[in-house]
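The values are calculated or read from the model by the stated rules, or taken from the named source; none is laboratory data. Remember, it's a predicted structure, so these values are computed and weren't measured experimentally. Cβ: placed from backbone, ideal geometry, glycine included. Neighbour counts: every protein chain shown.
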Amino acid sequence: MTSEKNVQSVLPLEEKEPNQAENPVQTHGFWRARRLGFAVALAAATVDILTKLLVLAKISSLPIAVIPSFFTLTFAWNRGVSFSFLADAETPLNIFGLIIPAEAWLPALWSTVAVVAIGLFVWWLGKEEKILPQVAIGLIIGGAVGNLIDRLVHGAVVDFLLFYWDNWYFPAFNMADTWISCGVGLLFLDALRQNSPTKKKGDEKPDDA
């Protein structure tokens with residue numbers, strides 16, 4: 001009788017052990033995945049902010065031809081979005097007779113869009129477990145945060161990277177634009193990998209004999 005009671009008292013403990021061992025592993029894996037994305041975002045935003053501060057501190061020395069006839073460090077205020085899109089918009093906003101100049105409503109509009117976009121990508125990051133998309137989303141968040149800070153502080157974004165060839169000029173941009181473009185490219189690459197024939201073939205389960 002004593003041995004049977006001992007066996008019964010041990011069994012419940014043995015049944016609980018697997019569940020107790022799973023929770024710490026799952027929790028650790030969840031936060032580790034999110035830490036990667038947020039660490040990338042923090043690093044991207046930091047690099048962007050520091051480079052812009054350096055440009056603002058060296059305005060008097062600009063432009064600098066790093067590679068003649070190809071790449072120049074310059075300085076420009078951008079009230080539009082990435083790569084100077086809509087930067088030249090000057091149409092004032094008329095709200096019930098109240099005229100709001102473009103210098104006021106454009107930064108407010110793009111800042112609102114940026115906040116919404118950052119929130120959506122943070123939500124996406126919370127659901128993503130694969131490393132490549134985590135890095136990609138982190139880059140996009142970091143770039144968006146960097147440009148958002150510029151708009152909140154200056155009302156415009158600092159652009160300083162200018163590539164050109166002969167009479168052709170690519171719109172000036174900054175590190176935030178670079179991070180966002182790289183992030184979008186990595187997400188596109190991940191989508192291609194997921195839809196590749198090799199990936200699909202590897203995911204197919206063999207038929208039961």
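Looking only at the range 86-97, decide whether some residue is exposed (fewer than 12 other Cβ atoms within 10 Å of the Cβ), on the phi > 0 side of the Ramachandran plot and either modelled with pLDDT of 90 or more or out of contact with any Pro (no Cβ under 7 Å at 6 or more places or on another chain) (or both).
yes
Only residues in the range 177-191 that are in contact (Cβ under 8 Å) with a residue 60 or more places away in the chain count as the first member; pair them with residues that are hydroxyl-bearing (S, T, Y), Cβ under 7 angstrom, at least 6 apart or cross-chain, and list the lot.
D177/S82; I180/S82
So if I check each of D159, D166, D150, which one is over 19 Å from the mean Cα position of the chain (by Cα) and either more than 17 Å from F38 (Cα to Cα) or surrounded by fewer than 19 Cβ atoms within 10 Å (Cβ to Cβ) (or both)?
D166
Out of all the residues in the range 35-74, which are within 28 Å of the chain's Cα centre (by Cα) and of a type in the set (S, T, N, Q)?
Scanning the range 35-74 gives T46, T51, T72, T74.
In the range 124-147, how many residues are of a type in the set (F, W, Y) and more than 12 Å from the chain's Cα centre (by Cα)?
Summing the residues that are of a type in the set (F, W, Y) and more than 12 Å from the chain's Cα centre (by Cα) in the range 124-147 gives 0.
For every residue, the table says whether it meets (1) within 19 Å of A45 (Cβ to Cβ); (2) modelled with pLDDT under 95.
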| residue | (1), (2) |
| --- | --- |
| S82 | yes, yes |
| P101 | no, yes |
| L106 | no, yes |
| V116 | yes, no |
| K127 | no, yes |
